[in-house]
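Structure record follows, encoded as structure tokens.
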Amino acid sequence: MTASLTIENLSAHYGTTQVLKDLSLSVAAGELVSLLGSSGCGKTTTLRIVAGFLQPTSGKVRLGDRNLTTLPAHARDIGLVFQNYALFPHLTVLDNVAFGLKQRGVAKPDRIKRAMAMLERVGLAPFADRLPVALSGGQKQRVALARALVIEPPLLMFDEPLSNLDAKLRIDMRVEIRQLQRANGTTSLYVTHDQEEAFSISDRVAIMNAGRILQLDTPEVLYRKPANAFVARFVGFENLIRMKVIGRDGATVIAEAAGGTRLHLSQDAFGSIKDDFVLATRADGLVVRRDGEGIPATLGTRTYLGRAYQYKCQAAAGEITANGPLFDPPEAGAQAVLTPVSEQCCILDPED
Amino acid sequence: MPTRVHPLLGAFAALVFLFLLAPLVIIVGASLSDTTYLTFPPQGLSLRWFANIFQIEAFRRTAITSLQVAFLGTALSLLIGVPAAYALNRYRVELPRWLSTLFVLPILVPEIVFGFSLLKSITIGSGLPVFPSLILGHALLVLPYSVRVVGASLASFDFSIEEAAMSLGCPPLRTFLTVVLPNIQAGVIAAFILAFITSINDVSVSVFLTGPGISTLPIQILAHMEQFFDPTIASVSVLLMLVTVGVMAIIEATLGLTFLTK
């Protein structure tokens, strides 16, 4: 039933603007992969090409062993959930859900039975005879979900499905979507600009920018080990400090930042990086201390976060955000050193 | 609690209503006059001028022509106008702006010029017989109403439901018929009524396109008035008014008048 999705070397243009650049992606059977990125990164274009609403300039889309690339949208057999629900306003909730079955020639008694069963699953059976206009946003999205699931598609796609819902409902709905998707084992492609949503719902997340996938990994890996500077910034690494390797001492790398600051770092994190690199950390990954090895800085504005104090610091390498101790915190204006916590630092290639 | 209205505003509103209704009152009055000439207030009450309409064969014949032309012309204009309005809205971004202006041209061009150009292009240019040229001319005349009114209901139409239908396995044409059309129904009906009324009332296009033996009711009314200045004209007008009121009453009873204005 469910099938793997393979996107091969997809390119797309709007006029002369290239919006997708040789994008490849595969989603294993039963897996949920999110495309995450800000608006204009190409995530929705990718989804619309897979759905058959847009034609790519080049590249292929496969679902299982079917080549979808030239199939019209109505022949692709993909369940779609839209941001604005896209329910048929002139049909009742039941008829909305039964619509896809009707297109497949399922006899009326059978399709009503199956549509009702699906409405039961999303908890909307009592609303079967209502028109969509009489439903709340969350209910509408549940109907849309039921409508997409009832045709038992080999692939489900979500286009920012929770963006129109309020914060509390968003969290409930994403749990519900995840449960239904898991229970059915349906391969899913999920488009969102909300990092928390993508991370909480997905098996893997593809972070996109300017028509490319910059990193495709599990949420855990993305959060802790971004592969490049863009992804690092995207997942909240406030500090990207340019450094240079100046020597090695066994398993330790000696590196220098602007202003001659030297740090001793573990070779393990360097991989193939030999010379210039970027040291990326979150504010948590730099400890503010009065002395010791670290990046000398002048402490600027101090804000209280509850779990720590956060400082905007001025260092020779530029502005750095770091967290300081709750007990006896240094005052703004004091001189300090910022010591990287090696487990929380990433060594990145400056070219990426 | 009733809203208080300033007396001057009340008086002004009353004047507006008087201004709107007075001509109708005068027509109704004149149609009931027992005189052989048009006059108001009526002198003596009589229904003879109403009876007279039905004795004049030309009125009956042209009324039927008018209805046929209005019905077929409007239907033809919707056949062109609905797909055009759909395309103009669906591909709003891709299509050039002037294209939608093109469809309003028949109202922008002075009617008399439009009528004359139709005479030149349809009747003389293509040598089409009178009846089909009338239908074609009226279809073009009312096309702006079809495109604009249907377009207005498509402007608020959410095209993603069309994509939803296709993703569920519905082919494009069936999607248009079963998903798009039911949702713009009110617009199509409103367009039909507006176009129909415009066509029934039209003089300037018909005057150029009517020919030997075939005329429309408004043209016949004009012809009649040139020969006999009697209250028959007023009676015909009253009948036309009653037909309009009847149509409105049917709409009100079935769909509610509000959809014409929304």
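For peptide A:73-79, how many partner chain Cβ atoms fall within 10 Å of a residue's Cβ, on average? If you can, show how the numbers build up before the last one.
On the way: counts 11, 10, 3, 3, 3, 3, 2.
Per-residue shielding by partner chains comes out at 5.
Rounded to the nearest 500 deg cm²/dmol, what is the calculated helix-only ellipticity per residue at 222 nm for chain B, with -39500 (n - 2.57) per DSSP H run of length n ≥ 4?
-22000 deg cm²/dmol, from helical runs alone.
In Å and whole numbers, how far do the C-alpha atoms of the protein assembly as shown stretch along each principal axis, longest first?
Over the protein assembly as shown, Cα extents along the principal axes are 122, 64, 54 Å.
Treating the beta-carbon of each Lys and Arg as +1 and of each Asp and Glu as -1, no other charges, what is the dipole magnitude of the protein assembly as shown about its Cα centre, to the nearest 20 debye? Please list the in-between numbers first.
Numbers: 50 positive and 48 negative charges, 181 e Å.
Using only the charged Cβ atoms, the result is roughly 860 debye.
Based on the Cβ-Cβ distance of A:ARG290 and A:ASP349, what FRET efficiency does E = 1/(1 + (r/R0)^6) give at R0 = 30 Å, to the nearest 0.05?
After rounding, the FRET efficiency stands at 0.35.
How large is Rg over Rh for the stretch A:1-120, taking Rg from the Cα atoms and Rh as the Kirkwood inverse mean of 1/r across Cα pairs? Numbers along the way, then the final one.
Working: Rg = 16.6 Å, Rh = 16.3 Å.
When Rh is taken as the Kirkwood radius, the ratio is 1.02.
Whole-Hz ³J(HN,Hα) for each residue in the stretch B:211-218, computed from phi via Karplus 6.51 cos²θ - 1.76 cosθ + 1.60 with θ = phi - 60°, x for glycine and proline: what do you get?
In residue order, the calculated couplings are x, x, x, 10, 9, 9, 4, x Hz.
Taking the beta-carbon count within 10 Å as an exposure proxy, list A:LYS225, A:LYS140, A:LYS274, A:LYS244 from fewest neighbours to most.
A:LYS274, A:LYS244, A:LYS225, A:LYS140
How would chain B be classified by its alpha-carbon gyration tensor: rounded, prolate or oblate, with rounded meaning a/c under 1.5 and the a/b versus b/c comparison settling the rest?
oblate
Which whole-number percent is the relative contact order of the stretch A:231-348 (Cα, under 8 Å, 6+ apart)?
That works out to 29 percent.
Mind listing P(r) for chain A? All alpha-carbon pairs, 20 Å bins, whole percents.
26, 44, 25, 5
Determine ³J(HN,Hα), in whole Hz, for all residues of the stretch A:198-212 in sequence, where each value follows from phi through the Karplus function 6.51 cos²θ - 1.76 cosθ + 1.60 and θ = phi - 60°; x replaces Gly and Pro.
Going residue by residue, I get 4, 5, 6, 9, 9, 6, 9, 10, 9, 8, 10, 8, 6, x, 10 Hz, with x marking Gly and Pro.
Please report the Cα spread of the stretch A:167-267 along all three principal axes, rounded to whole Å, starting with the longest.
For the stretch A:167-267, the Cα extents along the three principal axes come out at 55, 28, 26 Å.
Nearest 10 degrees is fine. How inclined is helix A:137-150 to the longest principal axis of chain A, computing both from alpha carbons?
It works out to around 70 degrees.
So for each of B:3-14, A:198-209 I average, over its residues, the number of other beta carbons within 10 Å; can you give me the resulting order with the highest mean first?
My ranking of the peptides, most packed first, is A:198-209, B:3-14.
Give the shape of the stretch B:1-80 as rounded, prolate or oblate, defined through the alpha-carbon gyration tensor: a ≥ b ≥ c are the square roots of its eigenvalues, a/c under 1.5 means rounded, and otherwise the shape is prolate if a/b is larger than b/c and oblate if not. Mind showing how you got there, number by number?
Values: a/c = 4.18, a/b = 1.30, b/c = 3.21.
Oblate is the answer for the stretch B:1-80, as a/c is 1.5 or above yet b/c matches or exceeds a/b.
Which whole-number percentage describes the relative contact order of chain B, with Cα contacts under 8 Å and a sequence gap of 6 or more?
Relative contact order comes out at 29 percent.
In whole Hz, what ³J(HN,Hα) sequence does the stretch B:238-244 give by Karplus (6.51, -1.76, 1.60; θ = phi - 60°), x for Gly and Pro?
Values, residue by residue: 5, 4, 4, 4, 4, 4, 4 Hz.
In nm, to one decimal, how far is the modelled label at B:ARG48 from the one at A:LEU71, with both set 7 Å along Cα→Cβ?
8.1 nm
At R0 = 35 Å, how high is the FRET efficiency between A:GLN179 and A:LEU326 if r is their beta carbon distance? Nearest 0.05 is fine.
Working: r = 39 Å, r/R0 = 1.11.
After rounding to 0.05, the efficiency reads 0.35.
Quick check: the distance between the Cα centres of the stretch B:202-257 and the stretch A:240-290, to the nearest angstrom?
Their Cα centres are 91 Å away from one another.
Taking the alpha-carbon centroid of each part, what is the distance from the stretch A:86-150 to the stretch A:308-352 in angstrom?
54 Å
Only helical DSSP H runs with n ≥ 4 go in: add -39500 (n - 2.57) per run for chain A, normalise by residue count and round the 222 nm mean residue ellipticity to 500 deg cm²/dmol.
That comes out to -7000 deg cm²/dmol.
Note down the net charge around A:THR261, summing +1 for each Lys or Arg and -1 for each Asp or Glu among other residues with Cβ under 12 Å from its Cβ.
Result for the neighbourhood of A:THR261: +1.
Please report Rg over Rh for the stretch B:1-153, where both radii come from the alpha carbon positions and Rh follows the Kirkwood definition.
1.14
Between B:LEU21 and B:SER121, what FRET efficiency follows from the Cβ-Cβ distance if R0 is 30 Å, with the result rounded to 0.05? Don't skip to the answer; put the middle values down first.
Values: r = 41 Å, r/R0 = 1.36.
Approximately 0.15, to the nearest 0.05.
Between B:PHE71 and B:THR35, what is the spin-label point distance in nm, taking each point 7 Å from the Cα along the Cα→C-beta axis?
3.9 nm
For chain A, take the longest principal axis of its alpha carbons; what is the angle in degrees between that and the long axis of helix A:93-103, to the nearest 10 within 0 to 90?
Its long axis makes an angle of about 80 degrees.
Give me the inter-chain shielding for B:180-191: mean count of other chain Cβ atoms within 10 Å, whole number please.
1
Within 10 Å of each Cβ in peptide A:48-59, how many partner chain Cβ atoms are there on average? Round it to a whole number, please.
Counting other chains' Cβ atoms within 10 Å and averaging over A:48-59 gives 1.
Sorted by mean Cβ packing within 10 Å, highest first, what order do the peptides A:126-132, B:133-139, A:267-273, A:233-239 take?
By packing density, highest mean first, the sequence is B:133-139, A:233-239, A:126-132, A:267-273.
Given points 7 Å out from each Cα along the Cα-Cβ axis, report the A:ALA210 to B:SER156 separation in nanometres with one decimal.
Modelled inter-label distance: 4.3 nm.
So, in the protein assembly as shown, how many Lys pairs have Cα atoms under 17 Å apart, if the pair is 8 or more places apart or on different chains?
So the count of such lysine pairs works out to 6.
For A:THR252, what residues show an amide H to amide H distance below 5 Å, using hydrogens built from the backbone and excluding near sequence neighbours?
Amide H to amide H, under 5 Å and 5 or more residues apart or across chains, A:THR252 pairs with A:GLN267.
Would you list the P(r) distribution for the stretch A:231-348, with all Cα-Cα distances sorted into 10 Å bins from 0 and each bin expressed as a whole %?
Calculated P(r), rounded to whole percents: 14, 48, 30, 8, 0.
Which residue fluctuates the most in chain B, going by a Gaussian network model with Cα springs under 10 Å, if the choices are B:VAL93, B:VAL104, B:VAL82?
The residue that fluctuates most here is B:VAL93.
We did not get these values from a lab; they are worked out from the coordinates using the rules stated. Just so you know, these numbers come straight off a predicted model, no measurement behind them. All Cβ positions, glycine included, derive from the backbone under ideal geometry; neighbour counts span all protein chains shown.
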